[in-house]
Amino acid sequence: MLPLTSLAGAKGAVPPPPVAAKKAVVDTYHGVKVDDPYQWLEKKIDDAEVRQWVDGQTAHMRAVLDKQPSRDAIRARLTTLMTHKSPAHYAMVQKGGVFFAMKFQPPRQQSTLVVLPSLEDPSKARVLVDPVEVDPSGKTTIDFFVPSLDGKKVAVSLSKNGTESGDVTVYDVATGKPLPGEVVPRVNGGTAGGSLTWNGDGSGFFYTRYPRGEERPAEDRDFFQQVYFHKLGTPTDQDTYELGKDAPRIANYQLKTSDDGTHVLAILGNGDGGEYALHLRGPQGTWTQLSRFEDKLTSATFGQDGALYALSRKDAPRGKVLRLPLATPSLEKATVLVPEGQASIASFRPTATRLYVQEQLGGPSQMRMVGLDGKDLGVVPTPPVSSVGGVVPLGGDDVLLFNSSYTEPLSVYRYGAKDGKLAKTALGRTSPVDTRNVVVDRVMCTSKDGTQVPLNILHARGTKLNGNNPTLLTGYGGFNISLSPGLNPLNFAFIEQGGVVAIANLRGGSEFGEEWHANGSLTKKQNVFNDFYACAKLLVDKKWTKPERLAIQGGSNGGLLMGAALTQHPEMYRTVLAHVGIYDMLRVELTPNGQFNTTEYGTVKNPEQFQAMYAYSPYHQVKDGVKYPSVLFTSGENDPRVDPFHSRKMVARLQEATGSKRPVLLRTNNMGHGMGTPLAESIEEEVDVYAFLFNELGMKYRPVNGKVAAPASK
């Protein structure tokens, strides 16, 4: 049990955490009886008993964290890093000769949608939609935007309070004003997401529609997404059905229009596990199914040559690119343009006479060029151990592309196809820290089954391998998502205090293709946790650190990773930072987004999958009396992706069971999964996280001058 009057890191008495009542509940799965005494914490926050418990946890958490040393100095430093005024431009697209981009520029609380008259002078950007003008509270955010093909109109999804439940408003690009009456409700959601694409003449758009009103029971309204068409100037209740009545309950769609406006592509996803089916709408307005889930086409985009290009993983786990002529759109007529190679194909973008193919190299990526005749045209010259992507065609075969690394901020380059040269534009960011003294070591760790797992270690030059460096290890390992190199200023807030940051590329991600993903999903999910432990063990064995100075951090699926890590190897870690995570694997699928996750994690309805999930489910694997590390859990009450009950139940169980005197804290906010959180609130959360981290690892905070200091000799 946690002590009632004091906790490690707190000076003096603090109010004790409220003891969660244990209520006898037993669920039975395939003959296995499972106790769940904290199931009552699954009720919504407006339940009086849940509210009282959460409020008590908040009071306890605040009393502990507010007493952490050097909070003011930490806040000042993190504010400097997170409000760096150099703007970031992303999600860039060109339509009708107009460049659109999202622009993040502190101290603005939210990103804005801008039009860029010049790629060389971003100061001339014109703000088209500012969410803070729409909602001065700062809690409304842009989910996505889609310009019409002529660039004269743009559809923008806006959602509030982290819910991701977005209504689409149509804006006139010339005036920046919304078109009267053109609001389509709930195009975006936190379960199936949302998408939209315009028709050829800009008179309307195809969009993803969730059930409305009483069309379905309340429990079904986050499901059964379908594709509808909205004609401008008509009421949205007259929108016409296009596609999706026969799709799975956990359907989600991505929509695209060909450059000439004649064809529309709908990519149907079967939940979150990586299965897709392609549907094509031709000039006559009829839909044709091009592929089924088992055909393993995972993405596609229109070329400029009357063809559709698709990424296939059929008999090619690292991917191959197919060409399907739109004149005869069938998989049987497809030809292989880019065969499977040693690198995994993550994405591609066609231009006039070539494809730009983003290749995954185990975390880092590179951009290969292939002619439309299949000829290999080489690789765009980007730095090693960096990320490259976000290709924006400029006409002909020239493109813009984005590049970043662990020590270099996001840069935007213009690539000239004729001379093969990269020219940096003014659209990139500058760094808030001097990173020249930081070294990136990329090493391989041997997992339990012998698999080689990449680990990226960031440290100040001259760091000694003395087994005593405070170290922060992070990972994700799921949903075909790669942890790719990028500059995170918060890493340097840790490194400049003498810390080491390690980033693991675990199975379950897309780092080495579909086989790498599949070997970290469903009944093979335990591989992810074994990979992570192997990385932690290497950091200790090679004398980077020791368990008493090793912290771990992860969010969402990475929060699940944190729960598994601390329950499977509590002796390995000093402190755990677990954000918006999943901890009860047996009841996650009872939540809306949890049902979308079943194609990634599995379902308790399947006996084999149940046994696999029960074996690692963090909530169920907490043991009484074990000396667990200190843990800071964060969650959002409006989170549409991971219900906050996971963090509540895990905190209640850990506080009951732990045999150590280390704190187990719950920090709850009134936002969501992280999307749309105002900048000021993000800063305050990170102040709590880093004050807790520094104190738990015994790091005495020292002021810095903006440069990353080499660690003091020990």
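The values are calculated or read from the model by the stated rules, or taken from the named source; none is laboratory data. Not measured: the values here are computed from a predicted model. Neighbour counts run over all protein chains shown; Cβ positions are idealised from the backbone, glycine included. SASA here: full protein model, heavy atoms, side chains in, ligands and nucleic acids out. Shrake-Rupley method; radii C 1.70, N 1.55, O 1.52, S 1.80 Å.
The set of residues in the range 73-89 that are more than 16 Å from Ala680 (Cα to Cα) and either out of contact with any Pro (no Cβ under 8 Å at 6 or more places or on another chain) or not in a helix (DSSP H, G or I) (or both) comprises Ser86, Pro87, Ala88, His89.
When restricted to residues that are of a type outside the set (Lys, Arg) and open to solvent by 10 Å² or more (accessible area, probe 1.4 Å), the range 566-579 contains 7.
Kindly indicate which of Gly56, Gly138, Gly97 is touching a helix residue (DSSP H, G or I) at 6+ places or on another chain (Cβ under 7 Å) and surrounded by fewer than 19 Cβ atoms within 10 Å (Cβ to Cβ). Criteria check complete, one pass: Gly138. The number of residues in the range 360-414 being more than 26 Å from the chain's Cα centre (by Cα), part of a strand (DSSP E or B) and of a type in the set (A, V, I, L, M) comes to 5. On the given criteria, is Lys85 modelled with pLDDT under 95 and surrounded by fewer than 20 Cβ atoms within 10 Å (Cβ to Cβ)? When the stated conditions are applied, Lys85 passes them.
Of all the listed residues (Arg212, Arg216, Arg221), the sole one being in contact with a Pro (Cβ under 8 Å, 6 or more places away or on another chain), without any contact (Cβ under 8 Å) to a residue 12 or more places away in the chain and more than 30 Å from Thr328 (Cβ to Cβ) is Arg221.
Is it the case that Asp584 is out of contact with any strand residue (DSSP E or B) (no Cβ under 8 Å at 6 or more places or on another chain), over 22 Å from Gly274 (Cα atoms) and open to solvent by 10 Å² or more (accessible area, probe 1.4 Å)? Here the answer is no, as Asp584 does not meet what is asked. In the range 157-190, the residue that is farthest from His263 (Cα to Cα) out of those that are open to solvent by 20 Å² or more (accessible area, probe 1.4 Å) and in contact with a helix residue (DSSP H, G or I) (Cβ under 8 Å, 6 or more places away or on another chain) is Leu158.
Within the range 23-72, the only residue that satisfies the criterion of being in contact (Cβ under 8 Å) with a residue 40 or more places away in the chain, over 20 Å from Ser647 (Cα atoms) and part of a helix (DSSP H, G or I) is Arg71. Of all residues in the range 630-642, which are open to solvent by less than 30 Å² (accessible area, probe 1.4 Å) and either among the charged types (D, E, K, R) or over 26 Å from the mean Cα position of the chain (by Cα) (or both)? Within the range 630-642, just Asp639 meets the criteria. Taking the criterion of being under 24 Å from the mean Cα position of the chain (by Cα), open to solvent by less than 50 Å² (accessible area, probe 1.4 Å), more than 21 Å from Ser411 (Cα to Cα) and not acidic (Asp, Glu), the residues of the range 100-131 that qualify are Val129, Pro131.
The residues in the range 317-335 that are touching a Pro at 6+ places or on another chain (Cβ under 9 Å), crowded, with 20+ Cβ neighbours inside 10 Å and outside any loop (DSSP other than H, G, I, E, B) can be counted, and the count is 1.
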